[in-house]
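See below for the structure under consideration.
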Ligand code: TXA
Ligand code: MG
């Protein structure tokens, strides 16, 4: 059920139900942080392993501070610059945060979403919200209330319109004095480095990856998906019959062998490409194709984030 009525959503959350939460990145499947029953039901509903910790969403830096033992200096700098916004920080939790949320780890992931409706909701509640993305485990993330509705028709989804960033938050942790990148996301490495200097890369793609939840396969449509710099060459080598191509800026050549051509960002802007990415994959996924071929994006800025999501969608 899709609604714009905040009071219905507040009531559901107070009763311990899950709701669909709009944010600037993707929609979340949200529950009261302090209700263990509700937190458990997130894992069951998503079919998500309990070894994969979930992100806490708060309304203010002071609400974030109340959940942690320490807030490193560089975390304060980053929070001042990027919050509210698509930056999730991994910080040492205090006893108010249950181990269920953090997969029994000492650290908790926290962010303030930059979305007016989400912030109004968080400000009306006297508890933070835990929310992983509102997709069944491994499936494509939702960027509209309708995407959430199609996955979880029985829950109330708060309609906040289409997500403006369109890819998940960037996740960073702290090791001593260093900032460590743990997941590529809606804020580029370059933007973070402009604030705190060089950061270490420990994303799943890097050789140092060690985090729980950095599952390789993710964000996947139900048919096969291939990512390549040369979609037309790839098309000439595959045997599948119903093929769709997702281009970055423009369709190179209309081919009679293709069911559908979609373009991610006619302007060539990487932020526009990120915003449209999951919606385009949802559209292609519903067309009953045998194969989706996606043009790989340039490897800088948000191109790194989009390529990361595409590589995971492609993992068999
Ligand atoms: O943009 C986003 O971050 C969205 C919206 C809803 O806020 N949420 C999101 O949640 O993408 P999810 O559950 O799909 O991805 C959360 C990631 C997982 O890879 C998880 O392993 C990691 O964050 N994570 C959560 N808590 C953690 C912790 N305590 N330590 C390390 N990684 C953590
Ligand atoms: Mg997710």
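With a/c under 1.5 counting as rounded, go ahead and sort the range 224-314 into rounded, prolate or oblate using the C-alpha gyration tensor (a ≥ b ≥ c being the square roots of the eigenvalues; past the cut-off, prolate if a/b is larger than b/c, else oblate). Note, shape of the range 224-314 comes out prolate. Computed as a quarter of the hull surface, the mean projected area of the alpha carbon convex hull for the range 31-98 stands at 5.0 nm². Computed from the Cβ-Cβ distance with R0 of 41 Å, the FRET efficiency linking residue 95 to residue 267 stands at 0.25.
Label sites at residue 77 and residue 177, each approximated as a point 7 angstrom past Cα along Cα to Cβ, lie 1.1 nm apart. Potential lengthening of the chain between residue 103 and residue 10 amounts to 30.9 nm, from the contour at 0.36 nm per residue minus the alpha-carbon distance. For the pair residue 1 and residue 199, what calculated FRET efficiency results from E = 1/(1 + (r/R0)^6), where r is the Cβ-Cβ distance and R0 = 45 Å, to the nearest 0.05? Computed FRET efficiency for residue 199 and residue 1 comes out at 0.60.
When the alpha carbon coordinates of the chain are projected onto the principal axes, the ranges are 59, 45, 32 Å, largest first. Full extension of the chain segment joining residue 300 with residue 222 gains 25.3 nm, where the gain is 0.36 nm per residue of separation less the Cα-Cα distance. Taking 147, 257, 184 in turn, the Gaussian network model of the chain (Cα-Cα springs below 10 Å) assigns the largest fluctuation to 257. Placing a label point 7 Å from the Cα of residue 154 along the Cα-to-Cβ direction, the residues of the range 26-64 whose backbone N falls under 13 Å from that point are 41-42, 44-47. For the range 1-150, averaging the sequence separation of C-alpha pairs within contact (under 8 Å, six or more residues apart) and dividing by the residue count gives a relative contact order of 35 percent. Residues 71, 233, ranked from the fewest to the most other C-beta atoms within 10 Å, line up as 233, 71.
Compute the Cα gyration tensor for the range 95-240, then decide on rounded, prolate or oblate, letting a ≥ b ≥ c be the square roots of its eigenvalues: rounded whenever a/c is under 1.5, prolate when a/b is larger than b/c in the other cases, and oblate in all that remain. Verdict is oblate for the range 95-240. Counting only DSSP H runs of at least 4 residues, each contributing -39500 (n - 2.57), and dividing by the residue count of the chain, the helix-based mean residue ellipticity at 222 nm comes to -8500 deg cm²/dmol.
Each label point was placed 7 Å from the Cα along the Cα-to-Cβ direction; for residue 34 and residue 124 their separation is 1.9 nm. Using R0 = 35 Å, the C-beta based FRET efficiency linking residue 41 and residue 287 works out to 0.60.
Coordinate-derived values only; no laboratory data. All of these numbers come straight from a predicted model, not from anything done at the bench. FYI the Cβ positions are ideal-geometry reconstructions off the backbone, even for glycines, and counts take in every protein chain you see.
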